[in-house]
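**Student:** Got a structure for you, written out below as structure tokens; questions coming shortly.
The values are calculated or read from the model by the stated rules, or taken from the named source; none is laboratory data. Just so it is clear, the model here is predicted, and its values are computed rather than measured. Cβ atoms come from the backbone with ideal geometry, glycine included; neighbour counts cover every protein chain shown.
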Amino acid sequence: MLTTMTVQEFVSELASGSATPGGGSAAGLAGAQGAALLSMVCNLTIGRKKYADVEKEMLVALDQAETLRQRLIELIDEDVRAFDGVMAAYKLPKETPEQKTARSAAIQMGLKEATRTPMKTLQACVAVLELAPRVVAHGNPNVISDGGAGVLAAHAGMMTAALNVRINLNAIKDNIFVVEQSARMDELIARGDAAKETAWAIVTERLGM
């Protein structure tokens, strides 16, 4: 499992000539880092008398950030499994017309699953971004830069996941599926971009940038 590797091991795997892990797993990691940094802001706000008036809100935000962090970590390995399924389908025999038909169907099925997984990552990253404005607006100002880093990490994860959705959609022949997933992706990106802009405006204002 990628999630049990050291940072050095994981980065080395990304750099290798293997098709997995790739951008999909990197998207999950970026999103998880974004969620973790929001958790950090919450943890450094909770329990301090100076921020007692926002403690309940930060406790709720911390729970949400931690749930998202765990989900995004799970998606790091889930993305590898989904794409390995596509690779296995491409290796199926194609000697006879029947084999070719079965192989083509397996590839298309695998590509759909390899689209759904980064879509889950994209959605989770958007959820992190939509949580961010609350955290950076009310969190401990001494770690607002860390909150801002979390915003950027989650947004990078979102856009990286979107790239993986798109490249798989480009190879799928089911037009209805492509149209539906493209619309969902566009909707999520619009939401994530809006949340990112809101959170980033708060960060820059609190930092005096």
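**Student:** Working carefully through the options K94, K120, find the one that is assigned to a loop (DSSP other than H, G, I, E, B), touching a helix residue (DSSP H, G or I) at 6+ places or on another chain (Cβ under 7 Å) and of a type in the set (D, E, K, R). Break it down stepwise before answering.
**Tutor:** On the way: K120 fails: assigned to a loop (DSSP other than H, G, I, E, B).
The match here is K94.
**Student:** Tell me, please, whether a residue that is within 30 Å of G110 (Cβ to Cβ), assigned to a helix (DSSP H, G or I) and modelled with pLDDT of 95 or more can be found in the stretch 34-54.
**Tutor:** Pass one, the stretch 34-54, residues within 30 Å of G110 (Cβ to Cβ): 34-35.
Subsequent filtering for residues that are assigned to a helix (DSSP H, G or I) retains 34-35.
Those still in the list that are modelled with pLDDT of 95 or more too: 34-35.
Yes - at least one qualifying residue is present in the stretch 34-54.
**Student:** Still on this structure: Of all residues in the stretch 9-27, which are farther than 19 Å from A124 by Cβ and in contact (Cβ under 8 Å) with a residue 24 or more places away in the chain?
**Tutor:** A19, T20
**Student:** Among the residues of the stretch 162-176, write down those that are under 12 Å from the mean Cα position of the chain (by Cα) and surrounded by fewer than 20 Cβ atoms within 10 Å (Cβ to Cβ).
**Tutor:** Looking only at the stretch 162-176, we keep the residues that are under 12 Å from the mean Cα position of the chain (by Cα), and these are 162-165.
Result: L163, single match.
Here's the yes/no breakdown for (1) touching a Leu at 6+ places or on another chain (Cβ under 9 Å); (2) hydroxyl-bearing (S, T, Y); (3) modelled with pLDDT of 95 or more:
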{"site": "V80", "(1), (2), (3)": "yes, no, no"}
{"site": "D84", "(1), (2), (3)": "no, no, no"}
{"site": "Y90", "(1), (2), (3)": "no, yes, no"}
{"site": "T121", "(1), (2), (3)": "yes, yes, yes"}
{"site": "C125", "(1), (2), (3)": "yes, no, yes"}
{"site": "L131", "(1), (2), (3)": "yes, no, yes"}
{"site": "A137", "(1), (2), (3)": "no, no, yes"}
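**Student:** Among residues belonging to the stretch 104-161 that are among the acidic types (D, E) and under 21 Å from A26 (Cβ atoms), point out the one that is surrounded by the most Cβ atoms within 10 Å (Cβ to Cβ). So that I can check it myself, show each step before the final result.
**Tutor:** So the first thing to find is which residues in the stretch 104-161 are among the acidic types (D, E), and the list is 113, 130, 146.
If we keep only those that are under 21 Å from A26 (Cβ atoms) too, we end up with 113, 146.
On the way: E113: 15, D146: 18.
Looking at the filtered set, the residue picked out is D146.
**Student:** Next up: Considering the stretch 177-209 alone, what residues qualify as being touching a helix residue (DSSP H, G or I) at 6+ places or on another chain (Cβ under 8 Å), surrounded by fewer than 19 Cβ atoms within 10 Å (Cβ to Cβ) and closer than 13 Å to T115 by Cβ?
**Tutor:** Matches in the stretch 177-209: F177, V178, S182, R184.
**Student:** A further question on this structure: List pairs: first residue in the stretch 181-209 and of a type in the set (D, E, K, R), second residue surrounded by fewer than 17 Cβ atoms within 10 Å (Cβ to Cβ) anywhere in the structure, Cβ distance under 6 angstrom, at least six positions apart or on different chains.
**Tutor:** Note: pairs meeting the criteria are R206/P141.
**Student:** For A65, are the conditions met, namely being under 20 Å from the mean Cα position of the chain (by Cα), at pLDDT 95 or above and small (G, A, S)?
**Tutor:** Spelling it out, A65 is indeed under 20 Å from the mean Cα position of the chain (by Cα), at pLDDT 95 or above and small (G, A, S).
**Student:** Looking at the stretch 40-49 only, could you name the residues that are surrounded by fewer than 24 Cβ atoms within 10 Å (Cβ to Cβ) and either among the basic types (K, R) or in contact (Cβ under 8 Å) with a residue 12 or more places away in the chain (or both)? Working first, answer last.
**Tutor:** First, pick out the residues of the stretch 40-49 that are surrounded by fewer than 24 Cβ atoms within 10 Å (Cβ to Cβ): 40, 43-44, 46-49.
Within the stretch 40-49, M40, N43, L44, I46, R48, K49 meet the criteria.
**Student:** For the stretch 15-32, how many residues meet the condition of being over 18 Å from V86 (Cα atoms) and surrounded by fewer than 20 Cβ atoms within 10 Å (Cβ to Cβ)?
**Tutor:** Step one: filter the stretch 15-32 for residues over 18 Å from V86 (Cα atoms), giving 15-16, 26-32.
From what is left, the residues that are surrounded by fewer than 20 Cβ atoms within 10 Å (Cβ to Cβ) are 15-16.
Number of matching residues: 2.
**Student:** Just name the residue that is nearest to the chain's Cα centre (by Cα) out of those in the stretch 84-103 that are of a type in the set (K, R) and surrounded by 12 or more Cβ atoms within 10 Å (Cβ to Cβ). Step through it out loud before you land on a result.
**Tutor:** Pass one, the stretch 84-103, residues of a type in the set (K, R): 91, 94, 100, 103.
Adding the requirement that they be surrounded by 12 or more Cβ atoms within 10 Å (Cβ to Cβ) leaves 94, 100, 103.
Values: K94: 35, K100: 34, R103: 30 Å.
Top of the filtered list is R103.
**Student:** Going by the structure shown, is V60 among the β-branched types (V, I, T), surrounded by fewer than 23 Cβ atoms within 10 Å (Cβ to Cβ), over 19 Å from the mean Cα position of the chain (by Cα) and in a helix (DSSP H, G or I)? Don't jump to the end; show me each part of the working.
**Tutor:** On the way: among the β-branched types (V, I, T): yes; surrounded by fewer than 23 Cβ atoms within 10 Å (Cβ to Cβ): yes; over 19 Å from the mean Cα position of the chain (by Cα): yes; in a helix (DSSP H, G or I): yes.
So V60 fits the description; yes.
**Student:** As an exercise: evaluate S182 against (1) small (G, A, S); (2) in contact with a Gly (Cβ under 6 Å, 6 or more places away or on another chain); (3) over 19 Å from Q70 (Cβ atoms) and give the number of the one condition it does not meet.
**Tutor:** (2)
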